[in-house]
Structures are given as C-alpha cells and as structure tokens.
1. Report for the range 101-213 the percent antiparallel among DSSP-assigned beta bridges with both residues inside it, nearest 5.
2. Treating the Cα atoms of the chain as identical point scatterers in vacuum, please give the log10 of the normalised Debye intensity I(q)/I(0) at q = 0.07, 0.12 Å⁻¹, two decimals.
3. How much of the accessible area of the chain, in percent, comes from carbon and sulfur atoms when a 1.4 Å probe is used?
4. What residues from the range 143-171 fall in the zone where the backbone N is under 15 Å from a label point 7 Å along the Cα-to-C-beta line of Asp199?
5. When N counts the residues of the range 144-272, how does its alpha-carbon radius of gyration compare numerically with 2.2 N^0.38 Å, as a ratio?
6. What is the Cα centroid distance between the range 165-183 and the range 246-298, reported in whole angstrom?
7. With every protein chain present, what is the per residue accessible area of the chain (1.4 Å probe, Å²)?
8. For a Förster distance of 51 Å, can you work out the FRET efficiency between the beta-carbons of Asp222 and Arg70, rounded to the nearest 0.05?
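The values are calculated or read from the model by the stated rules, or taken from the named source; none is laboratory data. No experiment lies behind these values; they were computed from the predicted model shown. Quick reminder, even Gly has a Cβ in these numbers, built from the backbone with ideal geometry, and neighbours come from all protein chains shown. Please note that ligands, DNA and RNA were not included when accessible areas were found on the heavy atoms of the full protein model with its side chains. Shrake-Rupley method; radii C 1.70, N 1.55, O 1.52, S 1.80 Å.
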Amino acid sequence: MSIGYISNSDCGRHDTGWGHPEHVGRLRAIPAALRMEPELLMRVHHLESRHATEDELSLAHDRRYVASVRDFIAQGGGRLDADTVASDGSWDAATAGAGAVLDAIDLAFGDGPKRSFCAVRPPGHHALYSSAMGFCLFGNVAVGAKYARQKHGAERVLILDWDVHHGNGTQALVEQEPDIHFLSMHQWPWYPGTGAASDRGPHDNVWNLPMRAGLPPTDYVDAFRRGIDAATAGFTPDLVLISAGFDSMAGDPLGGFTLEYEHFEALTRHIVARAESWCGGRVVSALEGGYSPERLGVACVRHMMALE
Ligand SMILES: [Zn+2]
C-alpha cells in the first residue's frame, strides 16, 4: 500500500524572510529527510499538487476575502496581520497548499492512495472566514472538509489537530456544520488564547483539549486518544483529516510540549487503525506548524511511515 506525498514547488515562493519562523527552509527539510529513507521514497506516490480555485477556497471563506488576498498579493503583498506576511509568490503558494489537500482527498475517494501527507505552506489552521491570521492565509484543512462533503458526498468528516496552537481558524470555519467534528489539542495558556475545554461550538461538535506545557509526552498522547474517542462516540467519519503541526514536538521554539518522533508515530498508527474501521482507512494529513526545520523533516518522514 503506497502513500501519497503531495507537494508543490510554489509553496516555496511564499517568501516570509529568513527571520520569520515560518520560512521556506521548513519545507526544504522534508524532501531532505525523505532522501535519507530511500525505501520509503521508492514507495511514496509523489504528486505535484494543483492550485485550489477561488470557488474552492470560497467553500470555507468569504469570497470577497479570497479576492482581496489575490489582489493584495498581485500588488506586491505586505503584512496581512501582525505576524502574517505575503510576498508576490504567496498566492501561488497558498492556492497550491489548499490544492494539495484537495488532490489528496480526490485520491482518497478515488483510486488511491487512501492516505496522503501534504507538505505545504503557508499553514492554514488559524485562517478565519474573512481574514488571515497567525502565518495562515486559507484554512487548507477546513476547505478540504467542505470539499469532501460537496464533491465526494462524504457525510461526516473528522478533523484532528495536534499542532501546539489552538486551531481557532478551523474551529471558526467548521463549527456551524454538525457533521464535521473537530478535535484540537493545544498548549494553554498560549497563542492565540482561544480553545478552552468549555468551548464546544454552537453544535457541540468541537472538542478542545487545552494542556499545560512540559508534561510527560504520554500525557499528551493519552489525552489525544481519549479526545478521539469522545469526538467519534456515535459518529463514524467517512474521512479523517489531520492538521499535522509539529510545533508540539519537544524543543520547538514556538511551543512547550514534549512529544518526540515516536509519539507522533504512535498517534498516527492509532488514527490509521481507527480510520480502517470507520472508512476504509481514508486519512489526509496536512502540515501546519513546526519550527525546528531539521527535526520537522524527520518528524514528517516518521509520520509518513506510520501513515503507510
Ligand atoms: Zn502552531
């Protein structure tokens, strides 16, 4: 069984500058780490992603916002919020990032592979309905969830977010749809300050797991597994999406969690096993954060091995 590895060189054209933690070196580390695992490299089904259309992005975002980002970038870009910048390559990068998730979903519901990892940037889980936020322009995973429902008739979608930051954007984009269940585990208190356990969304389809920094790694793994159980009680998803943020890894400059490669591997294997029982094993994972490039590359490769 092969695994999809979906990337697009345009994602490297989102130029935030080397002083910004979300720089292009993050993505370059992934193929570099993959080349160290030639057997996996031979098995992956590598695909250069398409670009999401404005109609597709508007499945989750305000159409006027999508057009305003396009126009802003066409005029040279600049600062979209306090820590989110856009360069002249950012439109192609952002649409390729979302397009990768859509391609992975097409594969999952088509001839396969059933599981893919999308090595994309900018990340997506902070992007709101009509504004950029926290390094993110468009909610890649939220767009994917809506696309799977509309294009492939998926009735129920589960989104699992282990990035160290609350997936506030994803929550905002999906919480009105009871058939999309969203689980986010994140450091608390921490950026962006949302994601209290009591915040279940208007339809109780959101599970927030705020966790203190510096706990033993198995505490995070166990909490996340229990969160998956809670989010899927009486709910059998047709597709599982992972917001794979590796800033929850020990030593990340933007987080205080303690997870190591083996813990992401264990969580991934657990999710795959559950997905096999729910929906023929359809899992689409998309990169979110992770700001120690070398470790990020290895973590992505170990995640891909476990996804396989
Ligand atoms: Zn993050």
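1. Of the beta bridges lying entirely in the range 101-213, close to 15 percent run antiparallel.
2. -0.22, -0.68
3. C and S fraction of accessible area: 51 percent.
4. 161, 163-171
5. 1.00
6. Computed from Cα coordinates, the inter-centre distance equals 19 Å.
7. Accessible surface, normalised per residue, equals 36 Å².
8. Once rounded, the FRET efficiency stands at 0.70.
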